[in-house]
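Everything below concerns the one structure shown next.
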Amino acid sequence: MTHGKSRNPVICCVRTPHPSLLAAWRKTPAWRGRPLVLGGLAHERGSVLTVSPEARAQGVNEGMSLNQAQQFAPAAIFQPIDEEATARVRQSFLATLHRFTPDLADAPDPGCAFLRLDRLTLRWPDRAKLLAAITRTIDAAIGTAPALGVASSMFVSELAAKQATPGAPVVVEPDQARAYLARFPIETLPLDDDLREYLELLGVRTIGRLQTISRPAFRRQFGTRALDIYDLGMGTDRRRLQPLRPPVRIEASQPLEPPVDNTQALQFIARALAEQVSASLLSQGLGTRAVRIVLHQESAPVLAVAVRYAYPVTTAAELFDGIRPRLLRASISASLERITLRAGRLEPAYVRQPGLLIRRDGFRESIADAVARLQEEYGALVVQRAEVRPDAAPLPDHRILWKPA
Amino acid sequence: MPDRLQQAITVLQTRFGSAAPRPAAPPCAVRPSGIAEIDALTGIGGWPVGRLSLLAGPRGCGKRTLAQRSLAAASREGPVAYVDFPSRLDPEFLSRVDARLDHLLVVRPKSLREGMASIRVLARAGVDLIGLDLPRARSVGLDAELPHLLHRIAEADCTLLLIHDAEADDAIRYYASLILSFERSAWVFSRDGDLQGLQVDAAVVKNRLAPPGHRQRWIVAYPLR
C-alpha cells in the first residue's frame, strides 16, 4: 500500500483481538468473558503472548512471565497457543478483507490490517455503509466484530482503531489529523530510548507539544533520522507496506460413492474435475504448470501423481491431455474413494502468445523442468548424465558412471 | 555485393515480389564444429543453427568422432544433448576433448517416439546442440516425425546433427540442409608400422546454404583426442 501524492488516501485500520485469542474462543466458547492467558500453562516457563480483556483488567500484560501472570490473575485460564488454528483465523481475516479490495496491507500486529478505501468510492459511495459491511463480514467470518479507525495515514488510522469500539468506528478527517494526534502522549510515537529521554528532558510529553517545534529546529536538534518521528507526530506517515497477496489454492475434488474401479469411469470423472479446475483458473486469469492428482484408494495408501506442463495451461482440454496418460499409467491397486486435482505453480495466463507475431509462444521451460517432465513421462533413465571416474579400473562399466539427470 | 546491384535487386523485389532474384544462400547462424577442416568444408563456417545436418557414412569412418567433437565444442558454450539409440556415446572421449559433462544430457530412449519427444522438449527448453544417433535399422515413423521436429528446432534455434550408419532414407535426405558423407580412405601407419590414425574423406553431398560438392581430407589421429 502506498500513500498517493496526488490525492489523499483514505486508510482504514481493521483491528481485532489477537488471532490466538479468537481461535481459543472458537474452540471453547465458554472462555469468552473469562480471564484467559495464552502462551502456556501456568506452571510452565514461558511468557504471555496475549490475554483477554478480563485478564488485562487484572494486570496481566503481553510479555510478562506466566508465573507472574498467575500471581496477578490466579483464577485465569492458562492455555498454550494453537498455532494451526491461529493461522486459520488470521488467513480467514485477511481473505475476508481481500474480498473488499486488493489494496490490503498486512500489519505487524497480527490482529490488524490496513485497507485503502478511497479507491472504493464508485462501489461504495457511502463510507458509513462500507464500514458497516466490513464490520458485519468480519464478524461473520471470525466471530468477532472489529474496531475500525479511518484516517489519511496508517499511523493515525491505527491510533483511531485503538480508540474505536466494535460498531463505532473513529474517523479522523485529513485536516483534523494534527489536532487529533495532539492529545496523545509522546510515547505513542515509536521512539527509541535516547530520543524519549531527550524529549522528556526538554519537557515534550505530548505530541501536541512536539507539534509546536518547527521542523528545521527539530532536525538541528535530533538529526535527519529523527524527522520520520516528527512527521508521524504531524500526521504524515511515509511507511510503505507490501500489499498482501493471499495464496491462491485451486483444486477440485470428487468423492466416489460407490468406489470406482473402472478406468473409463475414472477418466470421465477426471475430465469433469479438469473442467472445474479450468473454470477456476479462467475466472482468475491464471494458468498452471503442474497438477497433482491425489487418488484415495479403498484400504490402500493414498496415491499422488504429478503432471507437469511445458507452459501455463488453462483450458480443460490441455489439462486433461496431461492428466489422462498419468491416470492410465498410475499403479492403482484398489477401488478409488476420492479423486482430487490440485493446480500448482500458478502463473498469469494472459501472456500466452500464439506465435503469429513472434517465433516462440512467449514461454520458455527451464531445462531442469523439461528433464523432469521427460522423466515423469518415460521413466528416470530416459535422460542421464555421465560422470567419468579417472581413478577407477580401465573398464567402461567402472570408469563411467551413468545416473539419471 | 555492390551497392548498385543491391539497389537493382531491391527494385526488382519491390516490383515482382518473391519472383525477383534473391541470394542463393540466405544468411544463417552457425555453430562451430570444433574442427577447422569441417568448418571450412561446410562453406558457412560450421553447423547451421535451426536446421538438420546429416553425417552419413559406413561404420568406422569417423562421423561419430566428429559429432562428439562438435558436441564437446558446443558443451563449452551451453547445454547440449545426445540422443543415443545405439548406446555408442563415449563420455571418456568427450572428457579427453575437454567437453563439459555437466552440460551434457544423454537421452536413452526406448522407442523412436520417445526420442523425438525428448528432442522437441529439450530443444524448446534451450539446448543448443542435439546429436541424434539413429539405430542402423530403418526407423519406422521417422518420415512423419521429421517435419514437426524441424519446425521445433527452427523455432528454438537449436542445431540438430543426425548420425546415420546406413544409407539415409529419402525423407532425411530431403529435410537435411547439409549432408556430409564420410568415407575411410586409408589407414595411417608410422614408419615402424604402428597404426597412427585414420584418413577420412569428407564430401558435401547437399548444401542449402553454400555451394555443395566440396571435398576435404581429414586425419583422425590415434589415440583419439
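The values are calculated or read from the model by the stated rules, or taken from the named source; none is laboratory data. Being a predicted model, the structure only gives us computed values, none of them experimental. Glycine gets a Cβ as well: all are built from the backbone with ideal geometry, and neighbour counts include every protein chain shown.
A few comments on the model shown:
- A single member of B:Glu92, B:Glu77 is closer than 18 Å to B:Asp157 by Cβ and surrounded by fewer than 20 Cβ atoms within 10 Å (Cβ to Cβ), and it is B:Glu77.
- Of residues in the stretch B:118-144 being over 30 Å from B:Tyr222 (Cα atoms), β-branched (Val, Ile, Thr) and in contact (Cβ under 8 Å) with a residue 24 or more places away in the chain, the one nearest to the other protein chains (Cβ to nearest Cβ): B:Val127
- Residues in the stretch A:368-405 that are surrounded by fewer than 17 Cβ atoms within 10 Å (Cβ to Cβ) and among the basic types (Lys, Arg): A:Arg389, A:Lys403.
- Number of the exception - B:Lys63 against (1) surrounded by fewer than 18 Cβ atoms within 10 Å (Cβ to Cβ); (2) in contact with a strand residue (DSSP E or B) (Cβ under 7 Å, 6 or more places away or on another chain); (3) within 18 Å of B:Leu178 (Cα to Cα): (1)
- Candidate set from the stretch A:110-127 (those that are within 12 Å of A:Gly149 (Cα to Cα) and aliphatic (A, V, I, L, M)); member that is modelled with the highest pLDDT: A:Ala113
- Qualifying residue in the stretch A:15-36 (condition: surrounded by 16 or more Cβ atoms within 10 Å (Cβ to Cβ), at pLDDT below 90 and assigned to a loop (DSSP other than H, G, I, E, B)): no
- Among the residues of the stretch A:259-272, those identified as among the hydrophobic types (A, V, I, L, M, F, W, C) and without any contact (Cβ under 8 Å) to a residue 40 or more places away in the chain are A:Ala265, A:Phe268, A:Ala272.
- Test: residue in the stretch A:314-330 that is within 14 Å of another protein chain (Cβ to nearest Cβ), surrounded by 13 or more Cβ atoms within 10 Å (Cβ to Cβ), at pLDDT below 85 and in contact with a strand residue (DSSP E or B) (Cβ under 8 Å, 6 or more places away or on another chain): no
- Considering the stretch A:37-58, the residues that are closer than 17 Å to A:Glu83 by Cα and not in a loop (DSSP other than H, G, I, E, B) include one that is modelled with the lowest pLDDT, namely A:Ser47.
- Counted residues, the stretch B:86-117 - those being in a loop (DSSP other than H, G, I, E, B), more than 8 Å from chain A (Cβ to nearest Cβ), under 21 Å from B:Leu52 (Cα atoms) and basic (Lys, Arg): 1
- Within the stretch A:189-213, the set of residues being within 26 Å of A:Ser157 (Cβ to Cβ) and exposed (fewer than 13 other Cβ atoms within 10 Å of the Cβ) comprises A:Pro190, A:Asp192, A:Thr212.
- Residues of the stretch A:226-276 satisfying the condition of being in a helix (DSSP H, G or I) and among the hydroxyl-bearing types (Ser, Thr, Tyr): A:Tyr230, A:Thr263
- Any hit, the stretch A:142-165, residues being surrounded by fewer than 14 Cβ atoms within 10 Å (Cβ to Cβ) and assigned to a loop (DSSP other than H, G, I, E, B): no
- Within the stretch B:200-217, none of the residues are farther than 22 Å from B:Gly43 by Cβ, of a type in the set (S, T, N, Q) and in a strand (DSSP E or B).
- Residues (free of Cβ contacts under 8 Å to residues at least 60 places away in the same chain and among the small types (Gly, Ala, Ser)) located in the stretch A:273-291: A:Ser278, A:Ala279, A:Ser283, A:Ala290
- Residue list for the stretch A:370-394, filter: acidic (Asp, Glu) and facing chain B (nearest Cβ under 7 Å): A:Glu387
- Taken over the stretch B:155-180, residues that are over 18 Å from B:Phe85 (Cα atoms), in a strand (DSSP E or B) and among the hydrophobic types (A, V, I, L, M, F, W, C) amount to 3.
- Residue tally, condition assigned to a strand (DSSP E or B) and of a type outside the set (A, V, I, L, M), over the stretch B:123-146: 2
- Checked across the stretch B:193-206, the condition of being within 14 Å of chain A (Cβ to nearest Cβ) and in contact (Cβ under 8 Å) with a residue 60 or more places away in the chain holds for no residue.
- Residue within the stretch A:202-214 that is within 30 Å of A:Arg326 (Cβ to Cβ) and assigned to a helix (DSSP H, G or I) present: no
- Test: residue in the stretch A:172-185 that is in contact (Cβ under 8 Å) with a residue 24 or more places away in the chain and either closer than 26 Å to A:Leu21 by Cα or polar (S, T, N, Q) (or both): no
- Filter result (surrounded by fewer than 20 Cβ atoms within 10 Å (Cβ to Cβ), assigned to a helix (DSSP H, G or I) and touching a residue at least 24 places away in the same chain (Cβ under 8 Å)) within the stretch B:35-60: B:Glu37, B:Ala40
- Matching residues in the stretch A:359-368 - criterion: being more than 7 Å from chain B (Cβ to nearest Cβ) and at pLDDT 65 or above: A:Ala368
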